[in-house]
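The values are calculated or read from the model by the stated rules, or taken from the named source; none is laboratory data. Please read these numbers as outputs of a predicted model, since none were measured by experiment. Glycine also receives a Cβ, built like all others from the backbone with ideal geometry; neighbour counts cover every protein chain displayed. Protein only, heavy atoms only, side chains kept; ligands, DNA and RNA dropped before computing areas. Shrake-Rupley method; radii C 1.70, N 1.55, O 1.52, S 1.80 Å.
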Amino acid sequence: MAGYAMTAFDELLPRGTAIVEAELGACWETGLWPEEEPHIARAIDQRRREFTAGRNCARRALAVLRVAPAAIGVGPAGEPLFPPGVSGSITHTGQYCAAAAIASEDIASIGIDADTRRPLPGGAADVILRPEEQQTLTSAAPFAGKLVFCIKEAFYKAYFQRAARYLDFQDAHVTLMLSERRFEIRVVGEYAAAWSRERVFEGRYAMDDARIYAAVALMHRP
Ligand SMILES: CC(C)(COP(=O)(O)OP(=O)(O)OC[C@H]1O[C@@H](n2cnc3c(N)ncnc32)[C@H](O)[C@@H]1OP(=O)(O)O)[C@@H](O)C(=O)NCCC(=O)NCCS
């Protein structure tokens, strides 16, 4: 279920997900609710713009789901607070912004991430990729390092909303299924929440000329 038009995240998330991309223009300038203003009161202009676009997209996604409009608060770790019964996620990069939301008893949380289709900056691979990922992935596809970065951020957004705990980039291991534009991701290391150990999570990704898009939906149970 796309919002009003096809979006880059269509096909990446379960059926019934509302996905809305920001249009250029007023959507980036106005539309914050009073409860949302304090979160952005001292922000620089670009941060205010992306926060505003994200809230507008999230509210439009709620409308697609026929959920009453609501303020989208900010949790202690920066996570967006969607209304009860709704799981949602927001991403922005440059002049692009999108929000996704779903109301489903089967889905615990969702995460989306978009990033520019450019190589990782020098030195970042050692931070983002586990040693075995560096061996297998970096020659697998153009921009594979950036793709894994994008995947891990999308996964973290979904994981945090379920586990309420931080994960380092080294705490997750990604396997790419390039021909299907899918990936598997496992949480490794001592910080894994008990429910997430030994589990293989799945997600999907897409690319266009400008950006990489990754999305994950965590089910309550496999
Ligand atoms: C939080 C984080 C993932 C955001 O990603 P980003 O590429 O910097 O920025 P994006 O524009 O794609 O996403 C920003 C949005 O993420 C959401 N977000 C922020 N913290 C979040 C969290 N803890 N959980 C879920 N969503 C979160 C917010 O909606 C935010 O937008 P908003 O502040 O305007 O509402 C990133 O800054 C971060 O802290 N990463 C380190 C942790 C990590 O990714 N580990 C990987 C482990 S596998």
Does region 73-86 contain at least one residue that is in contact (Cβ under 8 Å) with a residue 40 or more places away in the chain, under 16 Å from the mean Cα position of the chain (by Cα) and within 18 Å of ARG162 (Cβ to Cβ)?
yes
Would you point out the residue of region 155-190, among those that are of a type outside the set (A, V, I, L, M) and part of a strand (DSSP E or B), that is farthest from the ligand (Cβ to nearest atom)?
ARG182
In region 23-48, what residues are modelled with pLDDT of 95 or more, closer than 12 Å to ALA98 by Cα and open to solvent by 20 Å² or more (accessible area, probe 1.4 Å)?
CYS27
Pairs, please: C-beta under 9 Å, at least 6 apart or cross-chain, first residue part of a strand (DSSP E or B) and in region 14-40, second of a type in the set (Lys, Arg)?
ALA18/ARG60; VAL20/ARG59; VAL20/ARG60
Quick one: ARG221 ticks every box in (1) touching a residue at least 12 places away in the same chain (Cβ under 8 Å); (2) within 25 Å of SER87 (Cβ to Cβ); (3) not acidic (Asp, Glu) bar one, so which box is it?
(1)
If only one of PHE9, PHE51 is more than 20 Å from ILE72 (Cα to Cα), open to solvent by less than 40 Å² (accessible area, probe 1.4 Å), out of contact with any Pro (no Cβ under 9 Å at 6 or more places or on another chain) and modelled with pLDDT of 95 or more, which one is it?
PHE9
Only one of these conditions is not met by LEU81: (1) more than 10 Å from the ligand (Cβ to nearest atom); (2) modelled with pLDDT of 95 or more. Which number is it?
(1)
If I filter region 52-72 down to residues being without any contact (Cβ under 8 Å) to a residue 40 or more places away in the chain and not in a helix (DSSP H, G or I), which single residue comes out as nearest to GLN95 (Cα to Cα)?
ILE72
Can you confirm whether ALA70 is over 15 Å from the mean Cα position of the chain (by Cα), surrounded by 15 or more Cβ atoms within 10 Å (Cβ to Cβ) and more than 8 Å from the ligand (Cβ to nearest atom)?
yes
